[in-house]
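Read the figures in this text as sums done on the coordinates, not as results from a lab. Predicted, not measured: the structure shown is a model, and the values here were computed from it. So basically every Cβ, Gly included, is an ideal-geometry build from the backbone, and we count neighbours across all protein chains shown.
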């Protein structure tokens, strides 16, 4: 039994109360046993049965649920730094694609990389993410785009989940784009996804969700519907990349198929927002993409006003969001999307867990849930997301065990 | 004599060639003796006289000049996290000021803090900044706004400069805003600045520059001209906060008085740009402010096209830029201001040094200049600023001595 105390603020991020309700407790304490939380509350109310628990000092920091990055493309070959510069110089997405860049380049480099190299690289990213307080990571396939390499990516994620002390949750994104070799016979690719890949993924239990990129340059609404329903029938929860470049009805389709989430939504329609609210679909905002592409973000305030939960994720990928810094994404959700720090935190914890269908296990600090949390060097959540530092996280605990502690450098406060 | 080798790219950032010319050398080496660079070039050309120098392994990283943060408000009391949330919720600058917030709040808390507390806090910031590769920091007064506290802030900076192994360069910003006690007699405050404070600052050699916030809510063009000319006559180089909220003629005034820099410039006029180019005034861009305030940045492309050097700085302060992360500001200069990574690097090194009048000593890696540099865990500058990480710096050297090394955590590569 362990107890953490000397906490200036603890945000439970319990589900009730909506986006802005992070349920802050001042001078808090939390008790866990093994991997499970036993008690959370104001320290003065600590039940006597926990007084002898092993004590850990939060040194006056803030405690938040382990962060949940619910949208990443974690394993990939190569990088695309050159495209960063080319976009700044005015090249369009199409210019870059014509020059052999874009997703097609990453697909080529991912196919060439080999499973071990992909695993080692992804493991490096995961370890850096845990230093930021992240304890659950969703990871998509979608850079394989053929049977061999899509399954390879998902098996890499399985090995990663087994090797690392945090949760790695895989999503099948065979429907990322139509691969070059199917350019003139896209129906054959859709059939490959539905008839071969989804059954294979389901049979090996390699993913829990099936995602489709719904966009003119990727998959149509009708194709997406067929793929998502096939996935759903095989036990894979639907998710969508929707309405990123134009209002394409992706949000409405998400509602129709009962998706866990619709992600991007920069151009979501009012009808789409209403449909998502009605169906309880989570909107996943990706503010790093807005920053990198210099495009307006999703209408977070309108989504929140309509009752749609807004999650915040990095979209970590080598093209449009080459950063795995989820706390930075949360600060950007404040500055670019006009979400308050409390709203952004709920978006990086409880609602992110909800986008993965995991909100009963992770994403909030409540009795019976996973003892996944981060200790932040800040007096409160507001200060943390306002005073943007390289990394304000001082301790990350997953499954009840400390998996990362800040090294003793200047300015850092060591935690037990 | 020391030699650093195994460098995938070294950017000298020498002055010639304009904004985009970072002067990259592949497979480079650099030699220094004491605090001074002796040789920089491709390793294969290393002169035999340096072959026996003590060797340091850059482990395939990128070497850049020690970063120069040429615009900060480094020492202040308190924070203003609450205003971050209030602005997101729609409060205006005026609403916040009326509620006792804004600069006036920081002035109150700075006056209350006491010199030792201000020094300790600023020292903590400086140490964090050095971990990011920063080796020269400009620091402004301007939260004292009376004789006692303006001089106190500048003396704090002097103590900081003496105590820390990096360069801290102070700027007198008594003309930040008119303090509350002078609200109805602003002329008396201007007279205090000109007749008492500037002479006192100059006599004690407490600053090298004199800065004025030229804005409707701060100081008029005429007031600024009088203050800057008085400063100049006393040996303080003019600098300006100019054209932040409207085109107020600040850029033109900067040119007229031969200022080292005009900073902000979000609303600079075409005439102002032409005048700055003509007079050789550096434009200091502050992209974190654009991010935090959600306002368009300065027209970097137009400034560069006109031949105005564009520096990049953090503007670190507790209100509009509560972050001292200069590499993040440089990435934001890319994404928000459409500067290439090479241009942003020149802006955070040579041109930043030029904004301080220090470009003959720091800001570039050339024979005879200070051995101030940073080793970055990236194959090149483009990759560094594209792949935004909490901190990619692995080693910071100032005056020829290692002042910071990345601790041996996962993903970090230890450097000698």
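Can you say what percent of the DSSP beta bridges in chain A, counting only those with both residues inside, are antiparallel? Round to 5.
Values: 27 of 60 bridges.
So the antiparallel bridges in chain A amount to around 45 percent.
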Quote the FRET efficiency, to the nearest 0.05, computed for residue A:270 versus residue B:162 with a Förster distance R0 of 60 Å and r equal to the Cβ-Cβ distance.
0.45
Tell me the angle of helix B:270-279 to the major Cα principal axis of chain B, expressed in degrees between 0 and 90 and rounded to the nearest ten.
60 degrees
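Using the Cα gyration tensor of region B:197-251, with a ≥ b ≥ c the square roots of its eigenvalues, what is the shape: rounded (a/c below 1.5), prolate (a/b larger than b/c) or oblate (neither)?
Since a/c reaches 1.5 and a/b is larger than b/c, the shape of region B:197-251 is classed as prolate.
Going by how many other beta carbons lie within 10 Å of each one, how would you line up A:10, A:229, A:236, fewest first? Walk me through the numbers on the way to the answer.
Working: A:10 31, A:229 15, A:236 22.
Fewest to most other Cβ atoms nearby, the residues stand as A:229, A:236, A:10.
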Give me the one-decimal nm value for the distance between modelled label points at residue B:36 and residue B:246, 7 Å along each residue's Cα-to-Cβ direction.
5.2 nm
On a 0 to 90 degree scale, rounded to 10, what angle separates helix A:147-163 from the longest Cα axis of chain A?
10 degrees
When only Cα pairs under 8 Å and 6 or more residues apart are kept, what is the percent relative contact order across region B:285-328?
41 percent
Degrees, to the nearest 10: B:103-113 long Cα axis against longest axis of chain B
80 degrees
Using only alpha carbon pairs under 8 Å that are at least six residues apart, calculate the relative contact order of region B:311-351 and give it in whole percent.
43 percent
Please work out the FRET efficiency for the pair residue B:48 and residue A:99, using the Cβ-Cβ distance as r and a Förster radius of 56 Å; give the result to the nearest 0.05.
0.80
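Of B:79, A:404, how do they rank once you tally other Cβ atoms within 10 Å and put the fewest first? Intermediate values should be presented prior to the final figure.
Values: B:79 20, A:404 25.
Listed from fewest to most nearby Cβ atoms, that is B:79, A:404.
If you count, for every residue in A:74-85, the Cβ atoms of partner chains within 10 Å of its Cβ, what is the mean? Write down the numbers at each step before the final one.
On the way: counts 0, 0, 0, 0, 0, 6, 3, 11, 4, 1, 10, 9.
Average neighbour count from other chains, rounded to a whole number: 4.
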Efficiency by 1/(1 + (r/R0)^6): what FRET value for residue B:220 and residue A:302, r their Cβ-Cβ distance, R0 = 41 Å, to the nearest 0.05?
0.50
Any chance you could list the semi-axes, whole Å, largest first, of the equivalent ellipsoid that the Cα gyration tensor gives for region A:67-355, using √(5λ)?
25, 22, 20
Tell me the relative contact order for region B:67-355 as a rounded percent, counting alpha carbon contacts under 8 Å between residues six or more apart.
17 percent
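What full-extension length gain, to one decimal in nm, is calculated for residue A:191 and residue A:89 as 0.36 nm per residue of separation minus the Cα-Cα distance? Walk me through the numbers before you get to the answer.
Numbers: separation 102, 0.36 × 102 = 36.72 nm, distance 3.92 nm.
The span from residue A:191 to residue A:89 would gain 32.8 nm if fully extended.
Per Stokes-Einstein, at 4 °C and 1.567 mPa s, what whole-number D in µm² s⁻¹ belongs to the protein assembly as shown, with the Kirkwood radius over Cα pairs as the hydrodynamic radius?
47 µm²/s
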Considering only C-alpha atoms, what is the centroid distance from region A:67-94 to region B:159-207, in Å?
46 Å
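Let me know the shape class of region B:170-281, please: from the alpha-carbon gyration tensor, a ≥ b ≥ c as square roots of the eigenvalues, rounded when a/c is under 1.5, otherwise prolate if a/b is greater than b/c, or oblate.
The shape class here is oblate.
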